[in-house]
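Below is one structure, written out as structure tokens, with a few remarks after it.
Taken together, the values in this text are just the output of simple stated rules run on the coordinates, not laboratory data. In this text the structure is predicted, and so the values were computed from the model without any measurement. Counting neighbours? That spans all protein chains shown, and the Cβs are built from the backbone with ideal geometry, glycine included.
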Amino acid sequence: MLKAICGPSMEYLDLVVRWPGSYHDSFIFNGSYANRFFSENTNGVKLLGDGGYPCKAYLYTPLRNPTTAPERKYNKVQIRTRNIIERTFGLWKRRFSCLRRSLANAPETIVNIIITCALLHNIAQKYNTHDNIYSEEEYEEGGGEDRFPIPVEDIQNNIIADATRSAYILRHFS
């Protein structure tokens with residue numbers, strides 16, 4: 001299983017490659033270094049996650065049932081901004097065709113391949129070498145949760161996190 005945090009330049013900021021099989025994204029994130037780091041040191045940084053993650057003071061997720069114009073605007077901007085991760089994964093898989101199929105290697109080797117591809121991807125992004133493999137229009141729309149619905153009813157949102165997100169929406173989208 002793979003969990004990633006991407007930056008605005010389509011680079012990987014954090015990558016967790018473990019937990020073979022089907023584990024929920026929020027389970028992987030809750031056990032990650034990034035979760036521990038941001039829960040203690042946000043410094044105003046906000047992460048965006050899809051509906052499969054619980055809302056936290058530093059991790060903003062879309063509202064399930066937006067009712068006001070600011071809430072709808074927030075959801076639209078949140079989903080559009082979060083789309084960078086979909087585009088990053090698409091570019092990464094185009095750059096490294098081995099990632100488009102199942103790797104038939106030993107688990108340790110698979111982890112090394114994935115991490116190496118991520119490091120090489122970041123280097124290519126830093127030096128702006130897209131190799132004509134990326135078309136932004138192909139990844140302009142859509143998001144992970146629309147294609148792979150996650151039952152968010154099972155996720156307990158933190159009351160303080162919801163209040164923080166609501167205050168953010170009022171401050172920036174009203």
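Taking the Cβ of V16 as the centre, find all other residues whose Cβ is under 14 Å away and add up their charges (Lys, Arg: +1; Asp, Glu: -1). Please list the in-between numbers first.
Values: positive: K3, R18, R36; negative: D14, D25.
With Lys, Arg at +1 and Asp, Glu at -1, the neighbours total +1.
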- Item | Dipole of the stretch 1-136, positive end: most advanced residue of H24, A34, T109 [Cβ charges, Cα centre] | H24
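Using Cα-Cα distances under 8 Å and only pairs 6 or more residues apart, what relative contact order does the stretch 1-127 have, in percent?
Numbers: 118 pairs, mean separation 30.2, N = 127.
RCO, the stretch 1-127: 24 percent.
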- Message: Starting from the Kirkwood Rh over alpha-carbon pairs, what translational D in µm² s⁻¹ does the stretch 78-130 have by Stokes-Einstein at 37 °C and 0.692 mPa s?
- Response: 270
- Task: Would you please state which residues of the stretch 78-102 a label at I113 would reach in this model, taking the label point 7 Å out along Cα→Cβ and a backbone N cut-off of under 19 Å?
- Result: 89-102
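Under a Cβ-Cβ cut-off of 13 Å, what is the net charge of the residues other than L170 that fall near it, where Lys and Arg count +1 and Asp and Glu count -1? Write down the numbers at each step before the final one.
Working: positive: K73, R165, R171; negative: E71, D162.
Net local charge, L170 excluded: +1.
Quick check on the stretch 1-117: what are the equivalent-ellipsoid semi-axes from the Cα gyration tensor, as sqrt(5λ), descending, whole Å? Display every interim value, and only then the final one.
Details: eigenvalues 155, 56, 36 Å².
The three semi-axes for the stretch 1-117 are 28, 17, 13 Å.
About the Cα centre of the stretch 44-88, what is the dipole size in debye to 20, counting +1 per Lys and Arg Cβ and -1 per Asp and Glu Cβ, all else neutral? Walk me through the intermediate numbers first.
Details: 9 positive and 3 negative charges, 24 e Å.
Around 120 debye, computed over the stretch 44-88.
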- Note on the structure: Listed by chain and number, the lysines with an alpha carbon less than 23 angstrom from that of K93, same-chain partners under 8 positions apart left out, are K3, K126
- Using label points projected 7 Å from each Cα along Cα→Cβ, tell me how many nm separate I123 and E11, to one decimal. 1.4
- Taking θ as phi - 60°, what are the ³J(HN,Hα) couplings along the stretch 77-87 by the Karplus curve (6.51, -1.76, 1.60), each to the nearest whole Hz, with x for Gly and Pro? 5, 4, 5, 5, 5, 5, 4, 4, 5, 5, 5
- Amide H to amide H, which residues 5 or more places from G31 or on other chains are under 5 Å from it, using H placed in the peptide plane? none
- Message: Taking 30 Å as R0, compute the FRET efficiency from the Cβ-Cβ separation of I159 and V45 and round it to 0.05.
- Response: 0.90
- Under a Cβ-Cβ cut-off of 13 Å, what is the net charge of the residues other than I159 that fall near it, where Lys and Arg count +1 and Asp and Glu count -1? +1
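Given the Cα-Cα distance of S97 and T68 and 0.36 nm per residue of separation, how much length would full extension add, in nm? Write down the numbers at each step before the final one.
Values: separation 29, 0.36 × 29 = 10.44 nm, distance 4.35 nm.
Here the segment from S97 to T68 would lengthen by 6.1 nm.
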